[in-house]
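Notes follow the structure.
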Amino acid sequence: MSVKSDNFFMDSVKDAAAGGLIALALFAVLIGMKAEVASGLGGQLGIVYRWGAVAVAVAIVFGGRLLLNLFVWKADTPVTQTAGSLLPNLQSFAPLGKYAMPIFLVLAVVLPFLLMSAYGARGSRQYLDLAILVTTYVMLGWGLNIVVGLAGLLDLGYVAFYAVGAYSYALLAEYFGFSFWICLPLAGILAAFWGIILGFPVLRLRGDYLAIVTLAFGEIIRVVLLNWYEFTGGPDGISGIPRPSFFGIEFTRGEGGFADTFGLEFSSIHRIIFLYYLILLMALITNFVTMRLRKLPVGRAWEALREDEIACRSLGINTTNTKLTAFALGAMFGGFAGSFFATRQGFISPESFTFIESAVILAIVVLGGLGSQIGVVIAAIVMIGGFEFFRGLEEYRMLVFGLLMVIIMVWKPRGLISTRNPSITLSGKKGKGISSDLVQEGHG
Amino acid sequence: MEYFLQQLINGVTLGSIYGLIAIGYTMVYGIIGMINFAHGDIFMVGAFIALIFIVTLGITASLPVALLILALIGVLIVSMALTAAWGWTVERIAYRPLRGSFRLAPLITAIGASIALQNFVQISQGARNKPLQPLISGGFTLTDGGADGSGFIVQLSYTQILIIVVTVALMIGFTLLINKTSLGRAQRACEQDRKMASLLGINVDRTISLTFVMGAGLASVAGLMFLLYYGVIDFYIGFLAGVKAFTAAVLGGIGSLPGAMLGGLLIGLIETFWSGYFSVEYKDVAAFSILAIVLIFMPEGLLGKPEVEKV
């Protein structure tokens with residue numbers, strides 16, 4: 001027994017030492033020597049040595065690996081297993097899943113009032129802003145979920161439609177003076193239109209090619225927005241985008257304003273609350289439409305397409321049209337969210353529509369569990385909320401974000417919610433969720 | 001005509017750099033069928049490692065030519081080794097645990113790894129541009145612009161010659177490696193059928209790791225070339241170069257090594273000619289539009305094998 005544990009310990013230490021050595025090789029140059037434009041050298045590069053930071057980084061890798069070896073990877077009873085057995089079995093949560101959606105919904109609806117009573121009008125502002133941001137990403141995630149989760153089309157340029165929506169509203173408002181409520185449907189239609197234009201030629205392609213073309217398209221849109229100075233303002237963006245009104249009533253102080261009309265005391269928080277409910281409503285509509293469409297022939301065709309494209313074609317489903325509807329609908333919701341973004345910010349520039357945004361939205365969908373609506377909500381709260389939570393770390397947070405994407409994915413490759421509800425079952429009974437091991441992605 | 005010649009030279013140089021990066025994409029795609037999104041950032045890491053060694057060793061243009069060349073070869077070898085270590089680590093941490101998982105999972109970890117690498121370099125090396133004094137100056141003047149000096153001066157700099165020569169040499173060496181050595185044979189076997197290859201005694205995991213190591217090594221060569229050619233790098237160069245190199249790989253036919261090189265050259269030429277004759281701002285749009293057009297009419301790329309879908 002003692003021999004075994006001896007070996008076990010030595011093995012762990014050796015393995016951790018190997019990890020530390022590799023970390024030393026990796027970090028010695030990039031952390032240890034910083035190439036900096038020194039002020040004294042006339043603009044030439046000099047090297048600043050920081051061996052202390054390297055030692056810390058290597059120690060972290062060594063220590064982390066040693067602990068993981070001792071307690072998780074090589075241990076007879078991994079700590080994770082012990083910890084897992086302390087928690088109730090996840091299966092017993094399954095009935096709770098039914099209630100999760102209503103609970104989330106109620107919580108979302110009363111959230112502004114909870115915040116207001118807890119922090120007051122002034123203090124709750126930042127939390128409401130965060131809630132709006134998270135909800136925007138939930139909506140974007142749900143929109144992209146139609147494309148990636150249901151139809152199985154890998155779209156790396158979703159932010160392009162978000163940008164189309166935002167710029168549609170901003171430009172229509174700037175050149176024609178249209179109000180938000182006219183522009184909202186127009187922005188969605190325009191984005192859907194772009195989805196069709198883009199989708200028509202490329203949807204015959206295989207999955208990965210589609211990914212790269214959508215990525216390229218996202219970049220094209222951004223480059224055009226950046227360089228078409230006369231029309232879009234280029235890198236300066238568009239400012240002074242009109243704020244939304246409460247069905248014609250402006251959120252202004254004084255006569256005829258929102259507070260005046262409803263006999264309330266004026267407060268700038270009213271508009272924030274209104275924006276929150278607006279995006280919540282838009283997100284819920286997205287969800288509602290998606291859930292309904294899943295039960296229609298077109299929705300079933302999407303999911304069938306995701307599972308097996310060849311089988312679909314041999315059953316007479318028009319795959320191009322099916323993909324195109326998914327693409328256009330996803331784009332439309334992206335456009336709605338985009339015009340909401342424009343009206344909330346009051347200022348947009350191509351900076352907001354970089355590839356990173358697409359990656360974040362895609363990560364939300366995939367981490368949440370493809371095709372799972374509630375998974376998107378959880379992933380959006382975890383990722384965006386966590387992202388804001390780490391705001392104190394400033395420059396480190398994108399690094400943490402990237403690492404978290406890797407870690408969560410390695411830990412749960414199928415996403416957080418990996419069971420699927422069948423859209424149709426035999427004998428009308430409520431079907432159980434299908435475990436992720438039983439479903440296989442096609443190559444849409 | 002002179003202008004055209006100059007653009008051609010510039011385009012071939014740029015295309016060589018893209019081609020070197022594209023090989024990494026195409027090999028990885030060929031062997032495990034995933035887009036290694038972090039590859040562009042590996043290229044960026046390679047450029048940074050080369051820069052740091054050049055500055056540390058105090059390599060400047062004032063060194064004697066023979067010494068300069070020796071020093072650059074030394075820098076190249078060290079930075080290839082270190083960049084390869086980065087490539088290996090990324091594969092080990094982010095891709096290997098997900099082997100056999102579903103298709104999108106490694107893509108997400110690849111995007112995560114790309115974001116992490118970019119920000120890691122941004123934090124550790126700072127966000128500002130890193131300018132490097134030109135190391136190799138001068139070149140051949142092919143046309144001197146006529147007797148009255150009104151014509152266009154076409155120049156072929158030593159840096160450009162170096163880039164093209166190194167790329168050609170690496171391509172030849174690499175083709176031999178793939179076609180003649182047992183490692184190359186193992187790679188081709190894994191590409192065709194991983195399960196069968198492992199049944200025949202090939203260590204598939206090791207072969208895949210080596211593929212990543214080789215790809216990263218080539219990317220670091222590209223990084224050094226980029227550094228010598230442009231003389232300035234920052235932590236963000238990996239994204240655009242990566243996307244364009246991937247475009248090149250797809251254009252040439254993904255999975256095909258000569259295709260990657262050809263695609264790289266074409267993308268480099270398209271980009272240079274577009275900026276030379278039309279507009280600099282929209283050069284990326286041109287490259288991506290070509291990609292879309294090629295994919296629509298020739299989905300398997302220029303030199304790729306048409307893929308047969310099996311039920």
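Here are the numbers for the structure shown:
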| item | result |
| --- | --- |
| Subset of the stretch B:228-260 [more than 27 Å from B:P134 (Cα to Cα), assigned to a helix (DSSP H, G or I) and within 13 Å of chain A (Cβ to nearest Cβ)] | B:F246, B:T247, B:A248, B:A249, B:V250, B:L251 |
| Qualifying residue in the stretch A:129-149 (condition: more than 23 Å from A:I285 (Cβ to Cβ) and in the same structural domain as A:I317 (by TED's automatic domain parsing)) | no |
| Residues of the stretch A:256-283 satisfying the condition of being touching a residue at least 12 places away in the same chain (Cβ under 8 Å), more than 20 Å from A:Q345 (Cβ to Cβ) and out of contact with any Asp or Glu (no Cβ under 8 Å at 6 or more places or on another chain) | A:T261, A:S267 |
| Any chance B:I93 is farther than 20 Å from B:G11 by Cα, at the interface with chain A (Cβ under 9 Å from one of its Cβ atoms) and among the aliphatic types (A, V, I, L, M) | yes |
| Complete set of residues in the stretch B:197-234 that are more than 16 Å from the chain's Cα centre (by Cα) and touching a residue at least 40 places away in the same chain (Cβ under 8 Å) | B:D205, B:T207, B:I208, B:S209, B:G231, B:V232, B:D234 |
| Within the stretch A:174-230, considering residues that are of a type in the set (S, T, Y) and either assigned to a helix (DSSP H, G or I) or without any contact (Cβ under 8 Å) to a residue 24 or more places away in the chain (or both), the one surrounded by the fewest Cβ atoms within 10 Å (Cβ to Cβ) | A:Y175 |
| Tally of residues being buried (at least 19 other Cβ atoms within 10 Å of the Cβ), under 18 Å from B:V243 (Cβ atoms) and more than 8 Å from every other protein chain (Cβ to nearest Cβ) across the stretch B:291-303 | 2 |
| Residue tally, condition within 14 Å of A:K323 (Cα to Cα) and aliphatic (A, V, I, L, M), over the stretch A:172-203 | 6 |
| Selected residue (only one of A:R306, A:R253, A:R313, A:R271 is more than 14 Å from every other protein chain (Cβ to nearest Cβ) and over 21 Å from A:A187 (Cβ atoms)) | A:R253 |
| Any hit, the stretch A:411-433, residues being surrounded by fewer than 14 Cβ atoms within 10 Å (Cβ to Cβ), modelled with pLDDT of 75 or more and at negative phi | yes |
| Criterion violated by A:I361 - all others in (1) out of contact with any Leu (no Cβ under 6 Å at 6 or more places or on another chain); (2) within 14 Å of another protein chain (Cβ to nearest Cβ) satisfied | (1) |
| Test: residue in the stretch A:7-23 that is facing chain B (nearest Cβ under 10 Å) and either at pLDDT below 85 or within 27 Å of B:V55 (Cβ to Cβ) (or both) | yes |
| Residue match in the stretch A:349-359 (condition: closer than 18 Å to A:G143 by Cα, free of Cβ contacts under 8 Å to residues at least 60 places away in the same chain and either in a helix (DSSP H, G or I) or hydroxyl-bearing (S, T, Y) (or both)) | yes |
| Matching residues in the stretch B:15-30 - criterion: being buried (at least 23 other Cβ atoms within 10 Å of the Cβ) and either more than 14 Å from every other protein chain (Cβ to nearest Cβ) or over 11 Å from the mean Cα position of the chain (by Cα) (or both) | B:G15, B:S16, B:I17, B:Y18, B:G19, B:L20, B:I21, B:I23, B:G24, B:M27, B:V28 |
| Matching entry among B:L135, B:L176, B:L117, B:L162 (being closer than 25 Å to B:F48 by Cα, in contact with a Gly (Cβ under 9 Å, 6 or more places away or on another chain) and in a helix (DSSP H, G or I)) | B:L117 |
| Enumeration of residues in the stretch A:368-406 that are surrounded by fewer than 17 Cβ atoms within 10 Å (Cβ to Cβ) and under 30 Å from A:A304 (Cα atoms) | A:I374 |
| Selection count where residues are closer than 15 Å to A:V400 by Cβ and more than 7 Å from chain A (Cβ to nearest Cβ), scope the stretch B:123-134 | 0 |
| Which listed residue is surrounded by fewer than 20 Cβ atoms within 10 Å (Cβ to Cβ) and within 14 Å of chain A (Cβ to nearest Cβ), from B:G87, B:G46, B:G33, B:G40 | B:G33 |
| Residues of the stretch A:132-162 that turn out to be more than 14 Å from chain B (Cβ to nearest Cβ), of a type outside the set (S, T, N, Q) and more than 14 Å from A:M332 (Cβ to Cβ), as a count | 5 |
| Flag if A:E303 is closer than 13 Å to A:N145 by Cβ and surrounded by fewer than 23 Cβ atoms within 10 Å (Cβ to Cβ) | yes |
| Test for B:A287: is it within 10 Å of another protein chain (Cβ to nearest Cβ), among the small types (G, A, S), within 17 Å of the chain's Cα centre (by Cα) and buried (at least 20 other Cβ atoms within 10 Å of the Cβ) | yes |
| Number of the condition not met by B:T143 [criteria: (1) surrounded by fewer than 14 Cβ atoms within 10 Å (Cβ to Cβ); (2) touching a residue at least 40 places away in the same chain (Cβ under 8 Å); (3) not aliphatic (A, V, I, L, M)] | (1) |
| Residue in the stretch A:36-50 that is in a helix (DSSP H, G or I), within 14 Å of another protein chain (Cβ to nearest Cβ), under 37 Å from the mean Cα position of the chain (by Cα) and at pLDDT 80 or above present | no |
| Candidate set from the stretch B:56-73 (those that are within 24 Å of B:V121 (Cβ to Cβ) and more than 14 Å from every other protein chain (Cβ to nearest Cβ)); member that is surrounded by the fewest Cβ atoms within 10 Å (Cβ to Cβ) | B:A71 |
| Matching residues in the stretch A:215-246 - criterion: being closer than 29 Å to B:P299 by Cα and more than 10 Å from chain B (Cβ to nearest Cβ) | A:L225 |
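The values are calculated or read from the model by the stated rules, or taken from the named source; none is laboratory data. What you are looking at is a predicted structure, and each value in this text was computed from that prediction instead of being measured. Here Cβ is always computed from backbone atoms with ideal geometry, including for glycine, and neighbour counts include all displayed protein chains.
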